[in-house]
There are 2 protein chains.
Amino acid sequence: MTGAESLLRTMAAAGIEVCFANPGTSEMHFVSALGAVASIRPVLGLFEGAVSGMADGYARVAARPAMTLLHLGTGFTNAGANLHNARRAKSPVVNVVGDHATTHKRWDSPLKSDIEALARPLSDWLRMAQSPQTLSADAAAAVAAARTAPGQVATLILPADVAWGRTEGFALPRTVVPPPPPSEAAVDRAARVLLQRGASSVLLVRAAAGEPRGITALERICAHTGARAVHDLVAPRALRGASVYPVTRVPYRAEGAVALLAGVTDLILVGAHPPVAPFAYPQFPSWLTPEGAALTWLAQEHEDEVLGLEALAEALRAPRLGAQPASVKPATSSPVPCPRGPLDATAIGCSIARHLPQGAILSEEAISNGPALAAQTGQAAPHWHLTNTGGALGQGIPLATGAAIAAGSDRKVVNVQADGSAMFTLQALWTQARERLDVVTIILANRSYAVLRAEIERVGARVEPALAGKLLDIGNPDIDWVALARGLGVEAVRASTAEAFDDCLAAALRRPGPLLIEAVLSR
Amino acid sequence: MTGAESLLRTMAAAGIEVCFANPGTSEMHFVSALGAVASIRPVLGLFEGAVSGMADGYARVAARPAMTLLHLGTGFTNAGANLHNARRAKSPVVNVVGDHATTHKRWDSPLKSDIEALARPLSDWLRMAQSPQTLSADAAAAVAAARTAPGQVATLILPADVAWGRTEGFALPRTVVPPPPPSEAAVDRAARVLLQRGASSVLLVRAAAGEPRGITALERICAHTGARAVHDLVAPRALRGASVYPVTRVPYRAEGAVALLAGVTDLILVGAHPPVAPFAYPQFPSWLTPEGAALTWLAQEHEDEVLGLEALAEALRAPRLGAQPASVKPATSSPVPCPRGPLDATAIGCSIARHLPQGAILSEEAISNGPALAAQTGQAAPHWHLTNTGGALGQGIPLATGAAIAAGSDRKVVNVQADGSAMFTLQALWTQARERLDVVTIILANRSYAVLRAEIERVGARVEPALAGKLLDIGNPDIDWVALARGLGVEAVRASTAEAFDDCLAAALRRPGPLLIEAVLSR
């Protein structure tokens, strides 16, 4: 078999089920080998930034590594922004980056670049494959690296002649070592803090925010000690909804985080890092832990947060909850009334709360409208909330696309998407159409980089109105999202009032396949 | 004034006239300072890959440095593929990349990345600004680096507090040192070769292919010695047309280059490097200089090619041409008949040959259709031909956009654009609409990565038809380019026959502003 086939057989044996791809000439033998490994599903993206965002979304929902196929250094670079976001989410992603044949790399051909240098700052693990005989072992090592807790981005560079060279057989995948539980000493330390100062303590979790058992343990601990449960901005997913024990997300804005943590004496870190402001602002600190507050680590990021929380609940002798812990309670019938009048993020959040099906996945890149939305969507039926973890724009559409590939046909995906960010990776809409994915995309059309208009004053700058119009508004001409979606094969409608939007969303969630709603926000 | 204002005043004094931008929070003081420096025109791009491609197109046409404004490491990464292409074209580009405030960089905030590591592999010059007082000198150094012959990509990283800090005055720009002429010894060596073996020699030029004086000198030399004139794949622009002395482009395909250079005994290199195949193929060499042929450098890449060619013509005592050298002869009335029947690249090339106005700019990213097109467009009125120099897809639309900004309202820009590549940076269409640029985009809609279908066999691979359909075709669903263009504010029409296309193109070139023609190619 070719090296490429031994690589793919190894990947398949190691649990890889999907290859998100944008191939080029140097990857033709890899593409050929995909024909021999039927268990890996190829999914084409029309731009590498869409490919990497899909991989991130898939990994967050499937809880198994995603694979990408990228073409040369510039293909990797195009994937870079969403790989940055994936790394912040600790999503397990294996990139296979095709390279020129080793015999060709001595020449300065037009597409040559230093792929290792380009990939290193965005990869937790990086290797240049050397021969077809060792390629299978490289593949096994790459998947093992991606799976290393809490999850990593692993990049394997594959020269064309290593892919097309001959080899025999393939390696068995490495044993996956599950993340270890936190030490007893760490559990005891956290328990002592909570017993002494529970009411002024905050438990800051990361991955546990997306795990029913994690939330159940948090509920037990908080009910028993008076502590509050908060989750990190970079949590890969959060389980939220009307009947779910609420775990507050650290606000993106520094002032919100300062307010949330005011008066806190102890921050118990569970797989999370102490919170930091996204940017420097003259009037707010960058380091958001209140002065004098103590930091206590229950779980390091490579440790099992859920086991840590369960051990902590036991150490605290926190009473067990009833037979139906919050995270699996059936959704109560929604008390949210139909929004009326002007269309804004609050109205859209209400409609989502009314119509989102239980078990749905809400991919949110709402930027300036995020807080108003989140205030409403917490009332929806239990769902997973996926957000932009790394702040690089253009995550939402591909994230929703990859999430839908992982979720299959029994879970709806709703992507609430700022218009400015949507423009960065709109190509992923086409993949939704080709793969007939159940994704409803809601474009929040305010025709502006509204977050920047708000940030000008916060960073102490002033911008002339004419100049702000030129660089911070994205109207003139207005982007027609209905046309863009249809151009990419996705049905689309437009709504300009709260009532019309509510009808559109309800209808969209009843039909299969992708649909886009351009929500023209009131100005 | 702020550091940002001193930077911009320096840039303006150094000849920067346009800032292609996609700003974020860390660039708000830079945006603010743009209000104080009216001579720099801000042009918004809705994705950084569009921004960098515009800068490349601007630099190639204006022959002065272009400036970009990018947001953090991921903004730079998004710009990366077209910066790779710009570097291959030796386009002078100055990137200003906003960074977190220096006081904030100690924290691992979500958007933090190692910008220097990300930018280094794609920058010829790189500096992290340290203080507002030295920022003006940094800016002068950046422009000087970009202008350093033959042209470079210079990246200045600008922490937010360096931008907002106070400083007095600004530096004068550095003196621009023009590229030196080649040495007399090099001229004499080339002359001796041509006098002895002119008929079996090839002159391989780079930048001279886009200069009337360069082409005139080539014509003199070739007429006198029997040598042939060829230009590099990575020439930033080529002057072509019915009445222009023909300088052949090195074919992209290795077999074409092998055929072109068969029997050549001497390759005279004029600012160009010896040709290399884009990829490794089992049946073709990577190094395309024929075995036994001698390489003679007339001009190194930092030297003035035109002065070298003129000196060579004089050393050869080549007769001067008539009062009207080829490159400035008026276009003869076109003899090209209207194409008829099925729509293919040849028909489109004929229509371009019929209707392209003199002095137009033809931005071509036609990929698999490139050779058939070029065979026809050589008959058009004299024009500049701009191509994808680095092979990273998604150059054509932004390149045409930036070229149109540089060209102003008196020169039409026509972008002949493969559909697969167009998807990478379609966002630039919106900038054409906002800036009301005279760009006609022709989408070659074959619904396929056709070049890859051709490459499979050439690299010795086989791909199952069903798999090829999944990964190499971009139909199912077909992309509706008329809808996409309208969605981005650009008028659009569709043509499916040669006659209809000819009518569309003629009409498009008569009206002002951007227009897109989806040319549905016969299959």
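Quick note: the coordinates plus some simple rules give every number you see, no bench work behind them. A quick note: this is a predicted structure, and the numbers were derived from the prediction, not measured. Backbone-built Cβ (ideal geometry, glycine too); neighbour counts: all protein chains shown.
Please go through the residue pairs B:LYS412/B:LYS470; B:LYS112/B:LYS470; A:LYS470/B:LYS412 and name each one whose alpha carbons sit more than 26 Å apart in this structure.
From the list (B:LYS412/B:LYS470; B:LYS112/B:LYS470; A:LYS470/B:LYS412), the Cα-Cα distance tops 26 Å for B:LYS412/B:LYS470; B:LYS112/B:LYS470.
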Note to self: Taking 8 Å as the Cα distance limit and 6 or more residues as the minimum spacing, I'd like the relative contact order of segment B:345-520 as a percentage.
What the structure shows: 23 percent
Notebook entry, point to check: Using +1 on the beta carbon of Lys and Arg, -1 on that of Asp and Glu, and nothing else charged, what's the dipole of the protein assembly as shown about the Cα centre, debye to 20?
Noted result: 420 debye
Note to self: For peptide B:33-43, what's the mean number of Cβ atoms from other chains within 10 Å of each residue's Cβ?
What the structure shows: 2
Item checked: Axis-proximal residue, chain B, for the rotation superposing B on A (Cβ, Å) -> B:ALA483, 2
Notebook entry, point to check: Expressed as a whole number of Å, what is the distance separating the alpha-carbon centroids of segment B:1-44 and segment A:464-523?
Noted result: 32 Å
Next item on the list: Would you kindly work out, in nm and rounded to one decimal, the distances from the label point of B:ALA38 to those of the same position in each other copy, ordered shortest first, with label points 7 Å along Cα-to-Cβ?
Entry: 7.2
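With runs of 4+ DSSP H residues as the only contributors, calculate the mean residue ellipticity of the protein assembly as shown at 222 nm using -39,500 (n - 2.57) per run, divided by the residue total and rounded to the nearest 500.
Working: 40 runs with 402 residues, N = 1046.
So the helix-based figure for the protein assembly as shown works out to -11500 deg cm²/dmol.
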Next item on the list: Run through the other copies and list how far each one's label point is from that of B:ALA185, in nm with one decimal, shortest first; the point sits 7 Å from Cα along Cα-Cβ.
Entry: 7.1
Item checked: Rel. contact order, % - alpha carbon contacts under 8 angstrom, at least six apart, segment A:184-328 -> 33 percent
Check: So which GluC sites (Glu not before Pro) in segment B:258-329 are both in a DSSP loop and have at most 13 other Cβ atoms within 10 Å of their Cβ?
Finding: B:GLU291
Check: Which residues' amide hydrogens lie under 5 Å from the amide hydrogen of A:SER448, considering only partners 5 or more residues apart or on another chain, with H built in the peptide plane?
Finding: A:GLY420, A:ILE474
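Sort chain A into rounded, prolate or oblate with this rule: let a ≥ b ≥ c be the square roots of the eigenvalues of the Cα gyration tensor; rounded if a/c is under 1.5, and if a/c is not under 1.5, prolate when a/b is larger than b/c, oblate otherwise.
Numbers: a/c = 1.62, a/b = 1.20, b/c = 1.35.
Oblate, since a/c reaches 1.5 and b/c is not below a/b.
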Item checked: Shape of segment A:1-90, Cα gyration tensor, a/c cut at 1.5 -> oblate
Next item on the list: Taking a label point 7 Å out from Cα toward Cβ, give me the nm distances from A:ARG120 to the same spot in the other copies, shortest first, one decimal.
Entry: 0.6
Note to self: Just to check I understand the Karplus step: with θ = phi - 60° and J = 6.51 cos²θ - 1.76 cosθ + 1.60, what whole-Hz values come out for segment A:188-205, glycine and proline as x?
What the structure shows: 4, 4, 5, 4, 4, 4, 5, 5, 7, 9, x, 5, 10, 10, 10, 8, 9, 10
Check: Of all trypsin sites (Lys or Arg not before Pro) in segment A:73-115, which ones are in loop regions per DSSP and have a Cβ with at most 12 other Cβ atoms within 10 Å?
Finding: A:ARG106
Next item on the list: Could you point to the residue in B:SER136, B:LEU295, B:PRO382 farthest towards the positive end of chain B's charge dipole, with +1 and -1 charges on the Cβ of Lys/Arg and Asp/Glu respectively?
Entry: B:PRO382
Item checked: Estimated vicinal HN-Hα couplings, Hz - segment A:58-64 in sequence order (Karplus 6.51, -1.76, 1.60; Gly, Pro = x) -> 4, 5, 5, 8, 6, 6, 9
Notebook entry, point to check: What is chain A's relative contact order, in percent, from Cα pairs under 8 angstrom and six or more apart in sequence?
Noted result: 15 percent
Checklist line | Difference of contour (0.36 nm per residue) and Cα-Cα distance, B:ALA262 to B:ASP114 | finding: 48.5 nm
Item checked: Amide proton proximity set for A:CYS19, modelled H, under 5 Å, gap of 5+ -> A:ARG41, A:VAL43
Next item on the list: Tell me which residues come under 5 Å, amide H to amide H, from A:VAL414 once H is placed; ignore anything under 5 positions away on its chain.
Entry: A:ILE361, A:LEU362, A:SER363, A:VAL440
Check: What average number of partner chain Cβ atoms lie no more than 10 Å from the Cβ of the residues making up A:70-77?
Finding: 6
